[in-house]
Amino acid sequence: MYYNDHQPPHFYAEYNGEEVLILIGSGDVYQGQVSRRALRLIQEWEELHRADLMEDWELARQRQPLNPIAPLT
């Protein structure tokens, strides 16, 4: 997630050298691609942390420090 990034709310995920932008709220791919397996894991993580991601999105828009979000374990 980048400060003052463009709409719609999204985050960046990278796996094995590939980058994908994922929409917060749906888990849909906005741009880029990763393997199906990686995408399923990213989407599972997004669903588990949707509220945290939206909170960080709002903080980023206000140029405030972001809260850490736990990785998928």
**Study point:** Breaking point among (1) in contact with a Gly (Cβ under 9 Å, 6 or more places away or on another chain); (2) outside any helix (DSSP H, G or I); (3) not aromatic (Phe, Trp, Tyr), for residue 64
**Key:** (1)
Review point. In region 1-34, which residues are in contact with a Lys or Arg (Cβ under 9 Å, 6 or more places away or on another chain) and of a type in the set (A, V, I, L, M, F, W, C)?
Key: 24
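In this structure, is residue 63 on the phi > 0 side of the Ramachandran plot, loosely packed, with under 12 Cβ neighbours inside 10 Å and charged (D, E, K, R)?
Numbers: on the phi > 0 side of the Ramachandran plot: yes; loosely packed, with under 12 Cβ neighbours inside 10 Å: yes; charged (D, E, K, R): yes.
When the stated conditions are applied, residue 63 passes them.
Could we say that residue 64 is over 12 Å from the mean Cα position of the chain (by Cα) and of a type outside the set (Gly, Ala, Ser) here? Let's see the steps before the verdict.
Details: over 12 Å from the mean Cα position of the chain (by Cα): yes; of a type outside the set (Gly, Ala, Ser): yes.
It is true that residue 64 is over 12 Å from the mean Cα position of the chain (by Cα) and of a type outside the set (Gly, Ala, Ser).
Filter region 47-60 for residues that are surrounded by 13 or more Cβ atoms within 10 Å (Cβ to Cβ) and farther than 18 Å from residue 5 by Cα and give the result.
Going through region 47-60, the residues surrounded by 13 or more Cβ atoms within 10 Å (Cβ to Cβ) turn out to be 48-50, 52-57, 59-60.
Listed by number, the residues that qualify are 48, 49.
Throughout, read-outs are computed from the coordinates displayed, never taken from laboratory work. The model shown is predicted, which means the values in this text are computed figures rather than measured ones. Note: ideal-geometry Cβ built from the backbone for every residue, glycine included; neighbour counts use all protein chains shown.
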